Structures are given as C-alpha cells and as structure tokens.
Amino acid sequence: MRIAITKQLAIAAAVGLVITGCAATGGNGAGGSGKAPLTIAGVVAITGSSSFEGQNQAGGILPAIYAIDHQGGVLGHQIVYKGVDTRADPADALPAMQQAMATTNNIVLVAGPDTASAPALVPILNQAKIPMTAVAGESVYNHNTLPYFWRLFPPDSANGTAMMLWAQRKGYTRIATVFGTDSGSQGDLPGVLASIKALHATLVANVSLTPDQPSYLSSVRQVMAAHPQVIMTESDATTAGTFFGELKQLGGLVPIIGTEATFTAPWLKAVHGALGSSFQKYYTGLITAPSKTTPAVTAYEKAVTADKSQVPSPWQSYLSNPFSITYWDGVMVVALAMVAAHSVSPAVFNSYIPKVANPGPGKTIVYTYAQGVAALKAGKQIQYFGATGLINFNQYHNSFGNQEAVGSNGGSQPVSLGTVTAKEIEAVSVSGVQ
Amino acid sequence: MWATLVSAIAFGVVLASIIAIAAMGFTIQFGLTNVLNLSFGSIMTVGAFAAYLGLEQGINAWYGLVVGGLTGAVVTLVLGRGVFRLYARRGAKLFEMMMVTLGLGLVIDYTVQAISRNNVYQFTVLQAAPLRFGPIIVTPTQLIVIALGAAIFLALEGLLRFSRIGKALRAMAAEPSLARSCGIRTGQVVIVTWLLSGFLCGLAGVVYIINSQSVGYTTGQDFLPLVVAAAILGGVGSPGGAAAAALLMGVVTQVVAAFGSAEYSTVAGFGILVVVLLTRPSSVLSRGSAETRLTI
C-alpha cells in the first residue's frame, strides 16, 4: 500500500509537471495585434490508455486555430490552444482543470470534457460561464439544461442504436458485446444493450475487458462458447489488439461492429495488425456520417494539410477522423458566434452559438470562417454548414445527424458501406437510455 | 463446466509463463540488492521496443527475444551502477531509492512516449492455426511462451544451485557482509545480478508483446503490478517462489474470468496477495524495513 500510494503521488506530481510544461510551450504563438490571445482549452485525455482522445482533438483543433489565425483571428484576437490532461480520470481531471482556470486568462471555449471527466467538470465549467463542446456521450446530457453545455457528438445511445440497426440490416440476431471497463468505453454500452433489447435481438455474451492485460484468453473462450453472429465492441487500442488477436488465433473470429471510437488510427492500426487480411472482411464501424464534399470539407482538409507539422502523426489520419472534424466545427461555430456577438465574453456570445449554426429563413449559408466573417460584416444572418454537415442544436444544446457504416483497409480513410439515418435512430424506442 | 475449467487452467499457465519470467528477474534483483526497482516495468518497455525496432529492421521476432533481453540488461546495468549506486553512496535508504526508481521509470516512460509519438505499434509474429488437446485450445505461439517460461525457470534454478556465481549470489542475498568476508567478490556479483535481472526484464517485455501483439509506452508499467505481486507473493529473492506465485495468479485470474466476470479476475489475483500478506507478512516486511542495507 505504501508503494502504491507513493507511486500515485509521484505519478500525479510528474503528470502535473509534464502538463504544465506542455501548456507553457504547446500553444500557437499569438500575433502582434496587441489584443490578448484567446484560449481554447482541450480537456481530454492526453496521456494514458485513452491518449488517442488528445490526438483526435489536436488533429481538429490545431488546424481550426491555424485557419482562424490566418484570417486575422477573432475580432483581432489570436487564438491559442492549451491542453488540459484528464487522463480519462476525474481524479486527475478536476485539479488539472482548476489549475488551468486559475492560471489562464481568456478561456473562451473548452473542447471537451471527455466522458470520464464530464460529471466532475461540466457543472464547474457551466458555473464559470465557459462554453464547452463536450465529447461526453452519456444519455444524461440528452436533455441537458445547462446553458454553456453544447454537444456536437451523437449521444452514446444513438451510436449504439445505429450499431444494432446495422446488425439487424445484416440479419444478425445473436449478439456478443465486448467492451473495455474504462469509463470511455463503457459509455456506449447501455445504448447498445438497450437497443439489442428494443430490436428483439439476443444478447448471447456480455464481456468486459480490464484494459492492458497481457491476455484475455478466458474472455475469448467465453465469447466463442456463446456462438455469436456478430461482436459489438469498444475498448482502447492495445486491449482490442490483444483480444481480437487471441480471438483470431483461437479460430473464433466473427464480424465486428465497432462504435465511433473504434474508427481512430490507433484502434484501426492495432486491430488490423492483429487480424491481418481478415480485418477488412470482418470490421464495420458506425461513425458520424461524413459530409459530402462541400467547401467546408475542403477548407478542413486544406487546413489540416497546411498545419500538418503541428498535429500528431500521422496527419493524414485526421482528414477523415470524425472526432477531429467535429472538433473543427465546434471551434468554427464558437469563433463565428464571437464575431456575430461582437464580443469575446462567453456570457455575451454563448447565446449566439445556435444563431450562427442552426438553419433558419433568410440565413446565408457559409462553409468557412472567412465566409462567415464576411457575411456578418455585411450585416447578414448566417448558418455555418460544417465539415460534419448540417449543425442544428435542439433545445437541449445537442446536434447530431446520420450515422454511417464504414469499413477500413487498416488506414483511416473510411469506406462507406451504408447509412443509418437520424430518423431511423429516433424511431427506435430505447427505454432507460434516451 | 469441466471443459471450461481445464481450458481456463491452460490459459492461466500461458499467462503465468509471461508473469513468471519478469517476476523471477524482479525477485532476484530485489532479493540481492534490496532495491525495490519500480523502473522495472519501464525497462520492460524499452526491451519490447528494441525488439519491435529489430522486427522493423527485418530481425526475426524470436531473435527479438535476445535483442530485448540484451537491451534490458544494458539499461539495467547502467541504471544500477550509474544511477542507483550514486544515490546509495549519498545515503539513500530503501524508501528514497524506491522514489528514485519510480522517478527514473517515469522519465523512461515519457521519453519513450515522446519518441514513439504516443502510438501503439503492432508486433505480430507467428500466426498459425490453434492446436486442440481435448477442451484445451492453444496456439503454437502460446506453447512456445510456456516452454520459454519453463526453460528459463529451470535454467535459473540450475544457475543458482549448481554454478559458482549462483552460489555466490545466494550467499550475498542471505548475508552480504558474511559473503564479503568469505572472499566473494561482491562487486562482480552485483554486476551479474543487474545484468541477469535486466536480461529477464527485457526478455519478459518481448514475451509480453509477442502475446499481446502490440507495444506502446505504457506496456511495461501496465504489467508491473502483476510482476511485483508475484515476486512478493513468492517470497522476495526466490525465483522458484515467484514462478509458483505467477502460476497461482495466472490460473486464478483466468478461472475467475471464465466462471465469474472478467472485471474481477485481476481483483482475484491481487486478492491472493492481500490474503498472503495478512497471513504471512514477516518475510516481506523484514525485507522492507528502513534499516535494510542496499547492496549496490
């Protein structure tokens, strides 16, 4: 115990130092406008087993900041990024966020918090009147009433329902679920389980994986003994690589339907490496439907390419990463809201967020920050049509669209297999989750 | 039910083989030097990455075991003689040294994280059809891992029991001052201990990633609690005890995962450690007392 406590203290201290160091050096340099830079705080796991969250975020936010700063910033202010490492653990997230709030001026947006830290951080951020584009998929936010909470990601239950609808379309009725026990992975599970029930499929095995174990052989055997037609899954990359590698080696591979979180470069790489040529045949991911090629998508791709030296490697993976694209849109919407409100004060511009994003009569559709600024200067009302497509916040500050079933050849470029529409998802009555 | 039990025990043996290699290395080093080396997991990671880099350069993954082992040996020796000894000479005791190893481990982890760009890399070796022995299904890779664990255990026992250096090592672990007065070259024995422990550490890192098929900067640290638990459970300084403890922990975790819930499998493994510490704490606590001298 003495060892464990000492280790935790030392780790906490070291992580704090590392994060402080990163924060001190990690931001983009502010321009020479004379106005204080505005800060976007990225509040997700930057280190630890969920560190892919930080990579996904940096892959979308850094190009957004690049694009905005190259247009002169927001009302003359440049934007800087500050990483706040939650390590996907509320115990780490709370002090890290408190420290960031105490030491950072002008936080205009929190990109996050993530699923694990949302219960601890959302009330604090709301009280501090800091707008947040949360990555938390929990159903508790489906009927959110906090004014500073905004969610562009689909709720976990929607992703789960889409997965089950896709399975049904493929004729699968015997389902096994394999989810990591980490809070990020567990978020989607209730939606999946409720949807299995709602669509009258049979849950033959519900297996939980403690992350980063050297072997999951007994869990593999448990799944194989249940003879599922399909496995629905989410876990961190390392865990997934080990589990599915062992599943393949023992001859138990069946089709895999992954949550949106599985369609990220580390997960795809790990499982593709474990399954080899079988990966393409067996894997389907359900992700936020990528927008068709629009000027918004082009602007996003252009910014990622231009800022490729700043984003984590490999930069190409962010061109189609649904998380990164959603983060991009979140920054664009908030930046345009500030311009529309003629203010960088969150208390003033927060209410402008839906005004610049949602569709409405007489609004001018804009696809880029530059277009939005120009239209606003011309006295027009705008609707920002994002790189993720239509953004339409409901009364609970939630906006999500269709889900796309995609395959992968191991790279991060999605291969479309079909669409599950938002209408289909909403038509499924999932009790207890939505 | 019977088939599930047999199968779970077999899986437990596979897991135990992986834990045992690392635990034997850890316990030898702790038993002789009295340094509770919490950078052990980080060195495992370095050994694993060395094997991965070797694989990328076209070196066969099985030769990677040697690459990883040698890397672990060199890194451990450098740390042991270059860093830990420096602190010991300045009066660092057991607890202070533990903090030093912890700090060094974090430095290594975050260095690997920076160099590896925080990515998880695939380490795939032999992909062959599984073999069936009644209810037991194992892959050729797993059989090799079991054989490797058993071979290392036998080799280590042979070394400690029958070789001159092994006897010197045991003598020093039991009573360093007496061993020194008997003419044993303690400095050389300590060097051999660092090398041997480091080699097993690096080797264990490679065996781990052969089974898990991926390597990341947290690979070793994730594994460290199991290694420390097996080393303590088996009695500090006893490779045989560490191997037996690893077997017990491996089988229990897999049986619990098979019959209960996978979430509780690790809990059950560490539960054994708690029970043993409650019933037989003396051997471990005496080793961990503040007065214990470091032999570096």
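Can you give me the number of residues within the stretch A:125-151 that are β-branched (Val, Ile, Thr) and either buried (at least 24 other Cβ atoms within 10 Å of the Cβ) or touching a Ser or Thr at 6+ places or on another chain (Cβ under 8 Å) (or both)?
2
Surrounded by fewer than 24 Cβ atoms within 10 Å (Cβ to Cβ), farther than 20 Å from B:Gly241 by Cα and within 12 Å of chain A (Cβ to nearest Cβ), is that true of B:Leu5? Give the derivation first.
Working: surrounded by fewer than 24 Cβ atoms within 10 Å (Cβ to Cβ): yes; farther than 20 Å from B:Gly241 by Cα: yes; within 12 Å of chain A (Cβ to nearest Cβ): yes.
Criteria met by B:Leu5.
Restricting attention to helices (runs of 4 or more DSSP H) lying wholly within the stretch B:160-217, give those where 1 or more residues are crowded, with 19+ Cβ neighbours inside 10 Å, modelled with pLDDT of 85 or more and within 14 Å of chain A (Cβ to nearest Cβ).
Passing ranges, in order: B:186-212.
Which of the residues spanning the stretch B:240-265 are closer than 17 Å to B:Ile152 by Cα and either touching a Phe, Trp or Tyr at 6+ places or on another chain (Cβ under 8 Å) or free of Cβ contacts under 8 Å to residues at least 40 places away in the same chain (or both)?
Matches in the stretch B:240-265: B:Gly240, B:Ala242, B:Ala243, B:Ala244.
Restricting to the stretch A:167-198, name every residue that is part of a helix (DSSP H, G or I) and within 14 Å of chain B (Cβ to nearest Cβ).
Those that are part of a helix (DSSP H, G or I) and within 14 Å of chain B (Cβ to nearest Cβ): A:Ser183, A:Ser185, A:Gln186, A:Leu189.
When you go through A:Tyr367, A:Tyr396, A:Tyr352 one by one, which is the residue that is touching a Phe, Trp or Tyr at 6+ places or on another chain (Cβ under 8 Å), of a type in the set (Phe, Trp, Tyr) and within 26 Å of A:Ile65 (Cα to Cα)?
On inspection, the qualifying residue turns out to be A:Tyr367.
Please give the helices (runs of 4 or more DSSP H) falling wholly within the stretch B:31-138 in which 3 or more residues are closer than 24 Å to B:Leu226 by Cα and hydroxyl-bearing (Ser, Thr, Tyr).
B:40-56, B:94-115
Looking only at the stretch A:262-295, filter to residues that are part of a strand (DSSP E or B) and modelled with pLDDT of 85 or more; which one of those is farthest from the other protein chains (Cβ to nearest Cβ)?
As a first pass, look at the stretch A:262-295 and keep what is part of a strand (DSSP E or B): A:283-288.
Narrowing further to those that are modelled with pLDDT of 85 or more: A:283-287.
Numbers: A:Tyr283: 15, A:Thr284: 21, A:Gly285: 17, A:Leu286: 22, A:Ile287: 20 Å.
Per the stated criteria, the residue is A:Leu286.
Can you confirm whether B:Ala150 is touching a helix residue (DSSP H, G or I) at 6+ places or on another chain (Cβ under 9 Å), of a type in the set (Gly, Ala, Ser), over 30 Å from A:Ser309 (Cα atoms) and not in a helix (DSSP H, G or I)?
Numbers: touching a helix residue (DSSP H, G or I) at 6+ places or on another chain (Cβ under 9 Å): yes; of a type in the set (Gly, Ala, Ser): yes; over 30 Å from A:Ser309 (Cα atoms): yes; not in a helix (DSSP H, G or I): no.
For B:Ala150, the condition - touching a helix residue (DSSP H, G or I) at 6+ places or on another chain (Cβ under 9 Å), of a type in the set (Gly, Ala, Ser), over 30 Å from A:Ser309 (Cα atoms) and not in a helix (DSSP H, G or I) - is not met.
Being surrounded by 15 or more Cβ atoms within 10 Å (Cβ to Cβ), within 22 Å of the chain's Cα centre (by Cα) and more than 14 Å from chain A (Cβ to nearest Cβ): is that true of B:Leu154 here?
No, not satisfied.
Can you tell me how many residues in the stretch B:77-113 are among the small types (Gly, Ala, Ser) and at the interface with chain A (Cβ under 10 Å from one of its Cβ atoms)?
2
Answer with yes or no whether B:Glu96 is surrounded by fewer than 21 Cβ atoms within 10 Å (Cβ to Cβ) and touching a strand residue (DSSP E or B) at 6+ places or on another chain (Cβ under 9 Å). Reasoning before the result, please.
Values: surrounded by fewer than 21 Cβ atoms within 10 Å (Cβ to Cβ): yes; touching a strand residue (DSSP E or B) at 6+ places or on another chain (Cβ under 9 Å): no.
Criteria not met by B:Glu96.
Take the conditions touching a helix residue (DSSP H, G or I) at 6+ places or on another chain (Cβ under 9 Å), at pLDDT 90 or above, more than 9 Å from every other protein chain (Cβ to nearest Cβ) and over 23 Å from B:Ala173 (Cα atoms) and apply them to B:Leu248. Does it pass?
yes
For the stretch A:269-290, which residues satisfy the criterion of being out of contact with any Pro (no Cβ under 9 Å at 6 or more places or on another chain), within 26 Å of A:Pro155 (Cα to Cα) and surrounded by 24 or more Cβ atoms within 10 Å (Cβ to Cβ)?
A:Ala270, A:Val271, A:Leu286
Does the stretch A:244-255 include one or more residues that are more than 29 Å from A:Tyr318 (Cβ to Cβ), at the interface with chain B (Cβ under 8 Å from one of its Cβ atoms), of a type outside the set (D, E, K, R) and touching a strand residue (DSSP E or B) at 6+ places or on another chain (Cβ under 7 Å)?
yes
Might you check whether a residue that is modelled with pLDDT of 65 or more, within 10 Å of chain A (Cβ to nearest Cβ), under 17 Å from B:Ser7 (Cβ atoms) and under 23 Å from the mean Cα position of the chain (by Cα) occurs anywhere in the stretch B:269-286?
So far as the stretch B:269-286 goes, no, none of its residues is modelled with pLDDT of 65 or more, within 10 Å of chain A (Cβ to nearest Cβ), under 17 Å from B:Ser7 (Cβ atoms) and under 23 Å from the mean Cα position of the chain (by Cα).
Within the stretch B:112-157, work out how many residues are within 17 Å of A:Thr242 (Cβ to Cβ) and acidic (Asp, Glu).
Qualifying residue count for the region: 0.
Can you tell me which condition A:Ala120 does not meet? The list is (1) outside any strand (DSSP E or B); (2) in contact (Cβ under 8 Å) with a residue 60 or more places away in the chain, and all the others hold.
Only one criterion is unmet by A:Ala120, namely (2).
Tell me yes or no: at least one residue of the stretch A:187-201 is at pLDDT 90 or above, under 21 Å from the mean Cα position of the chain (by Cα) and acidic (Asp, Glu).
no
Let me confirm something: among A:Tyr396, A:Tyr369, A:Tyr384, which residue is modelled with pLDDT under 95 and within 29 Å of A:Ile107 (Cβ to Cβ)?
A:Tyr396
List the pairs whose first member sits in the stretch A:188-209 and is outside the structural domain of A:Met163 (by TED's automatic domain parsing) and over 25 Å from B:Val256 (Cβ atoms), whose second member is hydroxyl-bearing (Ser, Thr, Tyr) and not in a helix (DSSP H, G or I), and whose Cβ atoms are under 8 Å apart, counting only residues at least 6 apart or on separate chains?
none
Can you tell me which residue in the stretch A:213-261 is surrounded by the most Cβ atoms within 10 Å (Cβ to Cβ), limited to those that are in a loop (DSSP other than H, G, I, E, B) and either free of Cβ contacts under 8 Å to residues at least 24 places away in the same chain or in contact with a Pro (Cβ under 8 Å, 6 or more places away or on another chain) (or both)?
A:Ser235
Within the stretch A:357-388, can you find the residues that are farther than 19 Å from A:Ser399 by Cα and of a type in the set (Lys, Arg)?
The answer is A:Lys377, A:Lys380.
Do the conditions hold for A:Leu62, that is, is it assigned to a strand (DSSP E or B) and under 19 Å from the mean Cα position of the chain (by Cα)?
Against the criterion (assigned to a strand (DSSP E or B) and under 19 Å from the mean Cα position of the chain (by Cα)), A:Leu62 does not qualify.
The values are calculated or read from the model by the stated rules, or taken from the named source; none is laboratory data. What you are looking at is a predicted structure, and each value in this text was computed from that prediction instead of being measured. Using ideal geometry, Cβ is built from the backbone for each residue, glycine included, and neighbour counts are taken over all protein chains shown.
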